[in-house]
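**Q** Below: one structure in structure tokens.
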């Protein structure tokens, strides 16, 4: 395992466990081996993610099951397994759930299932934060939600790991399906991997995460810039605008 060997070469004590995060029993094995090796768990990063791009109405049911299974159920399985261990330890621990800027912004509609899964991770993480702070459940566990923008990963090629159970007779790789349905999108599809290859290096993203954990920052972003800022402002302004309109509507109905 390349990652394991690289970490060991730096002097770290490391184990690697092949894990399908969508399957609870796999996470339980990971937890068991972690405790057997290190004795305790202090930091949990629920980081696995996959994508099946396409308009929601052009995706197939197995796209939903695969993406939600990894992106959302992977996080659920992680917290269901590790939080009881952390609570029993009764010492300071931390959880980082990886969402995405797609969990904050609606995007352009070309990656709908991914956006649904990542917005769910934001909501889950927010609920964890308020739960940990509630006097009824107060604990020593901290939590952050990581919302990366464009990071140099292989997310655009995540279907290379798509299990056979989600590749039935109606399955076609997402980018192929997009081009088949919309030939004019072919240049954009070809460019997509290059955009991510030029994204933020993973090491830089990792440094940001660790510094944010030290400062207790809940929403962690890996990039800054006017594009992201305008996107967030547009969304939040839109929410307030519609809220004000509904407030007037309700008052009119009551008058």
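The values are calculated or read from the model by the stated rules, or taken from the named source; none is laboratory data. Note that the structure is a prediction, hence the values are computed from the model and not measured. When we count neighbours, we look across all protein chains shown, and the Cβ atoms used for this are built from the backbone with ideal geometry, even at glycine.
**Q** Anything in region 222-255 that is free of Cβ contacts under 8 Å to residues at least 60 places away in the same chain and touching a strand residue (DSSP E or B) at 6+ places or on another chain (Cβ under 6 Å)? List them, or say none.
**A** none
**Q** Which one of 12, 3 is at pLDDT below 95, out of contact with any strand residue (DSSP E or B) (no Cβ under 6 Å at 6 or more places or on another chain), not in a helix (DSSP H, G or I) and not assigned by TED's automatic domain parsing to the domain that holds residue 162?
**A** Working: 3 fails: not in a helix (DSSP H, G or I).
Matching residue, one of 12, 3: 12.
**Q** Residue check, residue 171 against (1) surrounded by 17 or more Cβ atoms within 10 Å (Cβ to Cβ); (2) outside any loop (DSSP other than H, G, I, E, B), all met but one. Which one?
**A** (2)
**Q** Could you go through region 30-39 and let me know if any residue there is out of contact with any strand residue (DSSP E or B) (no Cβ under 7 Å at 6 or more places or on another chain), assigned to a loop (DSSP other than H, G, I, E, B) and at pLDDT 95 or above.
**A** yes
**Q** While we're on this one: Which one of these is in contact with a helix residue (DSSP H, G or I) (Cβ under 7 Å, 6 or more places away or on another chain) and outside any helix (DSSP H, G or I): 220, 224? Before the answer, list the steps.
**A** On the way: 224 fails: in contact with a helix residue (DSSP H, G or I) (Cβ under 7 Å, 6 or more places away or on another chain).
Exactly one residue qualifies, and that residue is 220.
**Q** A follow-up question, please. Restricted to region 97-116, and to residues that are more than 18 Å from residue 173 (Cβ to Cβ) and out of contact with any helix residue (DSSP H, G or I) (no Cβ under 6 Å at 6 or more places or on another chain), which residue is surrounded by the most Cβ atoms within 10 Å (Cβ to Cβ)? Give the steps one after another, and end with the answer.
**A** Filtering region 97-116 down to residues more than 18 Å from residue 173 (Cβ to Cβ) leaves 97-109, 115-116.
Filter again for out of contact with any helix residue (DSSP H, G or I) (no Cβ under 6 Å at 6 or more places or on another chain), leaving 98, 101, 104, 106, 108-109, 116.
On the way: 98: 24, 101: 20, 104: 22, 106: 13, 108: 8, 109: 10, 116: 17.
Top of the filtered list is 98.
**Q** Can you tell me which residue among 212, 164, 192 is closer than 30 Å to residue 57 by Cβ and surrounded by 12 or more Cβ atoms within 10 Å (Cβ to Cβ)? If you could, list the steps in order and put the result at the bottom.
**A** Working: 212 fails: closer than 30 Å to residue 57 by Cβ; 164 fails: surrounded by 12 or more Cβ atoms within 10 Å (Cβ to Cβ).
Just one listed residue meets the conditions, 192.
**Q** Within region 47-67, how many residues turn out to be within 18 Å of residue 170 (Cβ to Cβ) and in contact with a helix residue (DSSP H, G or I) (Cβ under 7 Å, 6 or more places away or on another chain)?
**A** Of the residues in region 47-67, the ones within 18 Å of residue 170 (Cβ to Cβ) are 52-67.
Add one more test, that the residue is in contact with a helix residue (DSSP H, G or I) (Cβ under 7 Å, 6 or more places away or on another chain), and what stays is 52-56, 58-59, 62-67.
Qualifying residue count, region 47-67: 13.
**Q** Could you tell me whether any residue of region 68-90 is part of a strand (DSSP E or B), assigned by TED's automatic domain parsing to the domain that holds residue 152 and in contact with a strand residue (DSSP E or B) (Cβ under 8 Å, 6 or more places away or on another chain)? Walk me through it before giving the result.
**A** Looking only at region 68-90, we keep the residues that are part of a strand (DSSP E or B), and these are none.
No - not one qualifying residue is present in region 68-90.
**Q** Which one of 146, 124 is in a helix (DSSP H, G or I), in contact (Cβ under 8 Å) with a residue 12 or more places away in the chain and in the same structural domain as residue 58 (by TED's automatic domain parsing)? Walk me through how you get there before you give the answer.
**A** On the way: 146 fails: in a helix (DSSP H, G or I).
On inspection, the qualifying residue turns out to be 124.
**Q** Name every residue in region 6-24 that is over 18 Å from residue 206 (Cα atoms) and surrounded by 10 or more Cβ atoms within 10 Å (Cβ to Cβ), in order of residue number.
**A** Of everything in region 6-24, those that are over 18 Å from residue 206 (Cα atoms) and surrounded by 10 or more Cβ atoms within 10 Å (Cβ to Cβ) turn out to be 15, 16, 17, 19, 20, 21, 22, 23, 24.
**Q** Now, a different point. Looking at 72, 44, which is the one that is under 30 Å from residue 185 (Cβ atoms) and in contact with a helix residue (DSSP H, G or I) (Cβ under 7 Å, 6 or more places away or on another chain)? Before the answer, list the steps.
**A** Numbers: 44 fails: under 30 Å from residue 185 (Cβ atoms).
Of 72, 44, the one residue that is under 30 Å from residue 185 (Cβ atoms) and in contact with a helix residue (DSSP H, G or I) (Cβ under 7 Å, 6 or more places away or on another chain) is 72.
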